[in-house]
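Below: one structure, written as structure tokens.
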């Protein structure tokens, strides 16, 4: 086998279809675009969602729901997660700076503490919001729940 004798496998290379290059090509005349109409013209582009004049799907379906512009989105942490992080990072104080530093929450997140799980030790927690059950669970073990 020599480099000059290498060829691609039979049938693996196809010739490009040359459109609108005269009648002899078999693809002249209308250049595979059919006869007349917008689709045969250059620059044709249909609008997104256009269904040929039929009422488009996005207009047939009802409008649903409402998003309040004043809604406050919280990053949530549960009490059992706080317990885990306190043991992992060997601390009893979990404030916003500590949570951001360890990558638990983002620097622009508002943090809310929820009550899933149990507290085993006294934790000093600072967050933007607490559920009433979470605040009660933290304070029952001698910790503090401070809203920032």
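The values are calculated or read from the model by the stated rules, or taken from the named source; none is laboratory data. Remember, predicted model here, so these are calculated numbers, not experimental data. Every residue, glycine among them, receives a Cβ derived from its backbone with ideal geometry; neighbour counts consider all protein chains shown.
Observations
- Residues in region 61-72 include at least one that is under 29 Å from residue 123 (Cβ atoms) and touching a residue at least 24 places away in the same chain (Cβ under 8 Å).
- Boolean, residue 39 is free of Cβ contacts under 8 Å to residues at least 12 places away in the same chain and part of a helix (DSSP H, G or I): yes
- Boolean, residue 121 is touching a residue at least 24 places away in the same chain (Cβ under 8 Å) and either surrounded by fewer than 16 Cβ atoms within 10 Å (Cβ to Cβ) or part of a helix (DSSP H, G or I) (or both): yes
- Residues of region 90-130 classified as on the phi < 0 side of the Ramachandran plot and under 30 Å from the mean Cα position of the chain (by Cα), total: 27
- One residue from 97, 75, 86 being in a helix (DSSP H, G or I) and either touching a strand residue (DSSP E or B) at 6+ places or on another chain (Cβ under 7 Å) or in contact (Cβ under 8 Å) with a residue 40 or more places away in the chain (or both): 86
- Filtered residue count, region 42-56, keeping only those that are outside any loop (DSSP other than H, G, I, E, B) and surrounded by 10 or more Cβ atoms within 10 Å (Cβ to Cβ): 1
- One residue from 79, 72 being loosely packed, with under 10 Cβ neighbours inside 10 Å and under 30 Å from residue 116 (Cβ atoms): 72
- Test result for residue 114, in contact with a helix residue (DSSP H, G or I) (Cβ under 6 Å, 6 or more places away or on another chain) and surrounded by 16 or more Cβ atoms within 10 Å (Cβ to Cβ): yes
- Test result for residue 138, in a helix (DSSP H, G or I), out of contact with any helix residue (DSSP H, G or I) (no Cβ under 8 Å at 6 or more places or on another chain) and surrounded by 15 or more Cβ atoms within 10 Å (Cβ to Cβ): no
- Residue within region 50-64 that is on the phi < 0 side of the Ramachandran plot, touching a strand residue (DSSP E or B) at 6+ places or on another chain (Cβ under 8 Å) and modelled with pLDDT of 95 or more present: yes
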